[in-house]
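Have a look at the structure below before the remarks.
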Amino acid sequence: MPNVHSYPHRHHGFSLIELMVALVIGLLLLAGLSLIFLNSSQANRELQNTAQQIENGRYASSILTDDIHHAGFFGRFFGNTTPPTGADPCELTNVANFTSAMAWHIQGFRAADLATRADISSTTCGGLLTNANLLPGSDVLVIRRAQTQTLTGNSVTNEVYVQASATARLVRIGTGAAFASAGLLNRNGTQAPIRKYVVRVYFVAPCSVGSGTDGVCTSSDDTIPTLKRLELSSQGGVAKMVIVPLVEGIEYMKVEYGVDDVPSTVSSVTNQKGNATVDSYTLTPTDWTDVIAAKVYLLARNTDATKGYTDDKTYVLGATGTAANYTVAPTIYAGKETFKRHAYSTATRIVNVAARREIP
């Protein structure tokens, strides 16, 4: 009979206990990797938010600085202008008002404190700068100047233009065609350049995208504070002030004005008073024609809240007036402490206005 060999029984694969141990180890590794990924994603998100906040603050400062720098530019005009008794920044059609308002190259409206809206009751901007569209505590800044580019070809219907020589200026309303008459002439007999008349009203709105009429914020819109401006423009042949959103996350804007009022007598050399030197900074200049510089303070915040973060800092947005006007304490932004913030400031010389006062 053949030999019969017996072999021990062999097992293949893992036992139940080994399988459970492997699953536990795998789950621990997966949990660790998930935690690392979550922390990395959160850190990356915060880094992006911070970078965006810094970029927004710098960009907003750059926009305001550039426009303030060019305030009072009206081409070759170098003469004096009679200050108006009041200048409405939302004027649309009155040529006489446009002409007199040129003397106020810069103009401001300031709130009594950080919980109050700027008082614009003396203007016709109320339809656009409503209580729902104007954030409490921030200033309203008006810039008037001419566009740097000259008009070539046809004008735009009901667009406002200014033509200026060295000693005279003329406000003209576009007709949709080239201006028929020369208007003002240079000394050599050529037509003085014609430029678009620029009026910009800067303000801080409580939303980034307004769903109301003409882009006005409503209670159903987002709650991202945004730097915006009203721009004088002609749309479809109709003159109007247009809301232009600029930079998200700008929570407060405060402005101080550098005044040149010494000496107070008109110089026989420059035909202007002052000497192109800032004598003092103020919140409410007695005469806007004396303003030759401006300090702008901005408080920017992240557009998204940071989980687990509490902002307990106090931000100082100026040095003139009472602390209630410019000190943003935690009690001011109560309920919004989870947003990270940063304050920005910049000082700008109004070149065209100051240069006219420089004594050789």
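The values are calculated or read from the model by the stated rules, or taken from the named source; none is laboratory data. Computed from a predicted model, the values in this text were never measured in an experiment. Counting neighbours? That spans all protein chains shown, and the Cβs are built from the backbone with ideal geometry, glycine included. These area figures cover heavy atoms from the full protein model, side chains too; ligands, DNA and RNA do not enter into them. Shrake-Rupley method; radii C 1.70, N 1.55, O 1.52, S 1.80 Å.
Structural remarks
- Computed label-point distance, nm, for sites Q149 and N131 using a 7 Å Cα→Cβ extension: 4.2 nm
- If the segment from N188 to I359 were pulled out straight at 0.36 nm per residue, it would be longer than the present Cα-Cα gap by 58.9 nm.
- Rg and Dmax, both from the Cα atoms of region 224-360 and both in Å, are 19.5, 65.
- Semi-axes of the equivalent ellipsoid for the chain, computed as √(5λ) from the eigenvalues of its C-alpha gyration tensor and ordered from largest down, come to 61, 25, 19 Å.
- Taking all protein chains as they are arranged and a probe of 1.4 Å, the heavy atoms of D304 leave approximately 80 Å² accessible to solvent.
- Surface exposure of the chain, expressed per residue as accessible area with a 1.4 Å probe, stands at 51 Å².
- Relative contact order computed over region 187-243 (Cα-Cα under 8 Å; 6+ residues apart), in percent: 31 percent
- With contributions of -39500 (n - 2.57) from each DSSP H run of at least four residues, the per-residue ellipticity at 222 nm computed over the chain stands at -6500 deg cm²/dmol.
- For region 68-154: rounded, prolate or oblate by the Cα gyration tensor [a/c cutoff 1.5]: prolate
- Phi angles across region 145-157 convert, under the Karplus curve 6.51 cos²θ - 1.76 cosθ + 1.60 with θ = phi - 60°, into 3J(HN,Hα) values of 6, 9, 5, 5, 7, 8, 6, 10, x, 7, 7, 9, 4 Hz, Gly and Pro given as x.
- In the chain, the portion of solvent-accessible area held by carbon and sulfur atoms comes to 57 percent [1.4 Å probe, whole percent, DNA, RNA and ligands not counted].
- Applying a 4.7 Å Cβ-Cβ cutoff to the chain, no cysteine is left without a disulfide-compatible partner.
- Taking every alpha-carbon pair under 8 Å whose residues sit at least 6 apart, region 81-195 reaches a relative contact order of 21 percent.
- Most to least accessible of T123, T314 (protein chains only, probe 1.4 Å): T314, T123
- Distance from region 200-228 to region 117-166 (C-alpha centre basis), Å: 17 Å
- Rule-of-thumb Rg ratio for region 160-310 [Cα; 2.2 N^0.38 Å; N residues]: 1.45
- Candidates F179, C217, N158 compared by Cα position along the dipole of the chain: farthest toward the positive end lies F179, with charges placed on Cβ.
- Extended-chain gain in nm, criterion 0.36 nm per residue less alpha-carbon gap, T223 and S181: 10.1 nm
- Fraction of antiparallel bridges per DSSP, region 250-343 only, in percent to nearest 5: 100 percent
- GNM result for the chain, Cα springs below 10 Å: residue of T226, T303, T148 fluctuating most strongly: T148
- Exposure ranking of I194, I173 by accessible area [1.4 Å probe, largest first]: I173, I194
- Around the Cα centre of the chain, unit charges on the Cβ atoms of Lys, Arg, Asp and Glu (plus for the first two, minus for the last two) sum to a dipole of about 800 debye.
- Compactness of region 238-304 as Cα Rg over 2.2 N^0.38 Å, two decimals: 1.60
- Extents of region 150-216, largest first, come to 52, 25, 15 Å (Cα atoms, principal axes, whole angstrom).
- Within the shell defined by Cβ-Cβ distances under 14 Å, the residues around D214 carry a net charge of +1, with Lys and Arg each +1 and Asp and Glu each -1.
- In percent, rounded to a whole number, the relative contact order of the chain is 17, using alpha-carbon pairs under 8 Å and six or more apart.
- Over 32 Å between alpha carbons, listed pairs K273/K313; K196/K295; K196/K336; K196/K340; K240/K307; K196/K313: K273/K313; K196/K336; K196/K340; K240/K307; K196/K313
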